[in-house]
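Structure first, then comments.
Every number here is computed from the coordinates shown, using simple stated rules; none is lab data. What you see is a predicted model, and the numbers here were worked out from it, not measured in a lab. Positions of Cβ are backbone-derived with ideal geometry, glycine not excepted, and every protein chain shown enters the neighbour counts.
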Amino acid sequence: MRRVASVCRRESRAPASDAGVPLESSAHSLQDLLFMMDFHCAALLLLGSLSALSVSAEQEVENLSGLSANPDREIFVVRENETTCLMAEFAVKFLIPYDVLALNGIDLITEQASVSIPRGAQIAGKCGNTDSELHISWINHSFTFRIFFSKEKHTMGSDGKAKEADVWKMNKVQLVYDTSEKTHFSSAYNPGKHTASTHLLSALVTPAGRSYVCSAQQTLTMISSDHQKGISVYMYDTQIQPFDITSDFVFSEPYKCITDEREQLEQMLPLVLGLILGLIIVITVSVYHFHLKLSAQQPPLPRDRSLYKNM
């Protein structure tokens, strides 16, 4: 940009007029020349500004799955302007039905391929104010898993106290897979690429500015272009945040899924009941001990009834 500006400054200097050219003709020629040079310089400056803008908005993607203690859990990060804008940690498995030819060579049999994302998968991403995406590809793009997120206004509360609040959610997942890939699809009939997608998905609804956390397994179903077959997606050990990350490589305050909260309550219930039972036992023993102590301090009643007169 500085080089373009300096060139424009040099070119904008008025060139010396030829001695044989009339002064008026020279002035008109000089004005036309300066106008053309100014237009040329403005175009160069505009192109330079757009180039600098595209460089500044360039995104980085990182696959940090090697840092996970769980070999099945993946860690993906999308960064923009040297700041994290999307983070996702999860374990996922796909059950993909596909057709194979029966032994009689006529009928078709449906088999199922179990597919997981391997370490070293390639990722791409997109960050926006209201829409974000994460794309994961592996085995030479034989598989591409895309997750789409959106942020919107959501009515929360009831009993006349409802109010609108910003939330984000997973609004679509998509899997592109190639049944000609021999590792997972053995002897697939009529192999080729297919696309499976969800329809009208609204999952992982989370208040804006927080990350979604869920250890429990969640199941999604996608419909494939391969004869409308249903593909199951199993996600677990999940923590995702596609918007409003305030610290680099750090999730914001977690928002637990209902399943985790229910399981946590079920785990705590026996402990709470045990504490209550223990407290009842302690109170009972204490009352009994106090009663014995009180009884020991009272004088014993005489067996001879004649002694009652002296009491």
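The label-point distance for GLU82 and GLU164, in a model that sets each label 7 Å from Cα toward Cβ, rounds to 3.8 nm. Rounded to 0.05, the FRET efficiency of the ASP107 and GLN217 pair, given R0 = 41 Å and the Cβ-Cβ distance, is 0.75. Between ALA69 and LYS256, take the C-beta separation as r, use R0 = 22 Å, and let me know the FRET efficiency to the nearest 0.05. With R0 = 22 Å, the Cβ-Cβ based efficiency is 0.60. Note on the stretch 195-236: Rg/Rh from Cα positions, Kirkwood definition for Rh, rounded to two decimals, is 1.08. The spacing between the stretch 162-192 and the stretch 114-143, judged by their C-alpha centroids, is 10 Å. Which part of the stretch 79-116 falls in the paramagnetic zone of SER225, meaning amide N under 16 Å from the point 7 Å along Cα-to-beta-carbon? Correct set: none at all. Between THR183 and ASN129, what FRET efficiency comes out of the Förster formula 1/(1 + (r/R0)^6) with R0 = 45 Å and r the beta carbon distance, rounded to 0.05? Result of the calculation: an efficiency of 0.70. Residues in the stretch 82-91 carry Karplus couplings, in order, of 6, 9, 5, 10, 8, 10, 8, 10, 6, 10 Hz; the curve used is 6.51 cos²θ - 1.76 cosθ + 1.60 with θ = phi - 60°, and Gly or Pro positions show x.
Give the dimensionless ratio obtained when the Cα radius of gyration of the stretch 67-126 is divided by 2.2 N^0.38 Å. Write down the numbers at each step before the final one.
Numbers: Rg = 18.3 Å, N = 60, 2.2 N^0.38 = 10.4 Å.
Computed over Cα atoms of the stretch 67-126, the ratio equals 1.75.
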